[in-house]
Amino acid sequence: MEINVNQKKISIGDKYTIFTDGVQTHTASKGIFQLLAEIKLFKVDNPQPVITINKRLFWIKPKYNITTWDSSVYQFRTISFWKMYCQCQCGPATYDIYGHRGRKYSIFKNNKQVAWLTKKSVTWFNGDNYTIVADNNADAGMLTSFCLIIDNWANSDGKNKGAINIDFGNLGLWAKKFDNTWQPKI
């Protein structure tokens, strides 16, 4: 499965268009005039959010709560800020999200890789663009939520608002090396 998350920066907030295998399946929007970000993920043609992401107060390690349509709340927590390693406990499943050098992230569920995502290095007149490559049975909504959190965390300083945006990615440490041989299960 391939999920594309395309951000459009506008003066009153961020909007996202999400495509799964080439078909638009979701939209997302970030609320305006908020001290702590709130991002809502919607299925196309449904006014009720399927997932709401709330940024929590933090000192160094960013924290988010992910609330699903059935009112389940999952905590997305930073384990290591310097090594870009985060974790989210979703019921019995544990997701580990590892940042790598450049603009790549690996996503593991219960210690097995289920996806990776990458961010485009250059964007023109718009916000960021992400591509998620995942197992076909992976939870697309949860993977998209992780991507939206990474985007919010990485851009919390308001950068990437110009005509041309260039991102060199992570140049520092990482907790786990990126596996170039991993392939999604179909």
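The values are calculated or read from the model by the stated rules, or taken from the named source; none is laboratory data. Predicted model only: the values in this text are computed from it and were never measured. Here the Cβ is made from the backbone with ideal geometry for all residues, glycine too, and neighbour counts use every protein chain on show.
Output the strands (runs of 3 or more DSSP E) that fall wholly within segment 37-115 and possess 1 or more residues being of a type outside the set (Gly, Ala, Ser) and more than 24 Å from residue 128 (Cα to Cα), or say none. Break it down into steps so the answer makes sense when it comes.
On the way: elements: 38-43, 49-55, 63-68, 73-80, 85-90, 93-99, 104-109.
It comes to 63-68, 73-80, 85-90, 93-99, 104-109.
State yes or no: is residue 119 touching an Asp or Glu at 6+ places or on another chain (Cβ under 7 Å) and at pLDDT 75 or above? In short, yes.
Given the conditions (1) within 13 Å of the chain's Cα centre (by Cα); (2) under 17 Å from residue 138 (Cβ atoms), which single one is not true for residue 91? With (1) within 13 Å of the chain's Cα centre (by Cα); (2) under 17 Å from residue 138 (Cβ atoms) applied to residue 91, the lone miss is (1). Selection within segment 116-142: residues that are part of a strand (DSSP E or B) and over 12 Å from the mean Cα position of the chain (by Cα). The member of this set that is nearest to residue 4 (Cα to Cα) is 133.
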